[in-house]
Each structure stands twice: as structure tokens, then as C-alpha cells.
Amino acid sequence: MIIPISEVQQDTLEQIIESFVLREGTDYGEQEISLAEKVAQVHQQLKQGEVLLVYSELYETVNIVPKDFYQPD
């Protein structure tokens, strides 16, 4: 189920994004990017609809996935 980001409190959304960024690995390429910058990038991607905030009823989890890879439960 897609969760519209407008329906999530800002603090909660920031925590979800931060958690997502922290578990996505450590390959930063040539330049290391700060956590704040990564969070801002993901937040922008959510606003633009490039990635989606989704809730899995099966696993009872919230995740961020690329729009092209989203498959409803």
C-alpha cells in the first residue's frame, strides 16, 4: 500500500528516510555524502514521485522503493 507523504508527520517521515539511508549501504562513489544530504536527496525523490513510501501488510513494515519496482502485496 502506497502511503502519501503528505499524510505522514514531518518528524516521522524524516526518521523513516534516515533509517532507509542508514541501511542502504556505504558505497558513496568518489565523494562521501553526509547523512543530511542523503536524507534531503531521498526526501526530494519522494516529493517528485521517483520513489514511493510503501507499507507492507504482509510484513508490517514501511519501506522506500523506486516507483518502477513497486509491486503491491
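Below is a table of values for the structure above.
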item	result
Unique match (being part of a loop (DSSP other than H, G, I, E, B) and not aliphatic (A, V, I, L, M)) among GLN15, GLN41, GLN31	GLN31
Residues of region 48-61 satisfying the condition of being over 18 Å from LYS38 (Cβ atoms), within 14 Å of the chain's Cα centre (by Cα) and aliphatic (A, V, I, L, M)	VAL54
Counted residues, region 49-73 - those being closer than 20 Å to THR12 by Cβ and assigned to a loop (DSSP other than H, G, I, E, B)	4
Options VAL39, VAL51, VAL62: the member that is in contact with an Asp or Glu (Cβ under 7 Å, 6 or more places away or on another chain), of a type in the set (A, V, I, L, M, F, W, C), without any contact (Cβ under 8 Å) to a residue 60 or more places away in the chain and surrounded by 11 or more Cβ atoms within 10 Å (Cβ to Cβ)	VAL39
Matching option when the condition is over 16 Å from ASP68 (Cα atoms), aliphatic (A, V, I, L, M) and touching a Leu at 6+ places or on another chain (Cβ under 9 Å), among LEU46, LEU13, LEU52	LEU13
Candidates VAL8, VAL21 - the one that is surrounded by 14 or more Cβ atoms within 10 Å (Cβ to Cβ) and more than 11 Å from the chain's Cα centre (by Cα)	VAL8
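Taken together, the values in this text are just the output of simple stated rules run on the coordinates, not laboratory data. Just so it is clear, the structure is predicted and the values come from calculations on it, not from any experiment. Note that we place each Cβ from the backbone using ideal geometry, even for glycine, and neighbour counts take in every protein chain shown.
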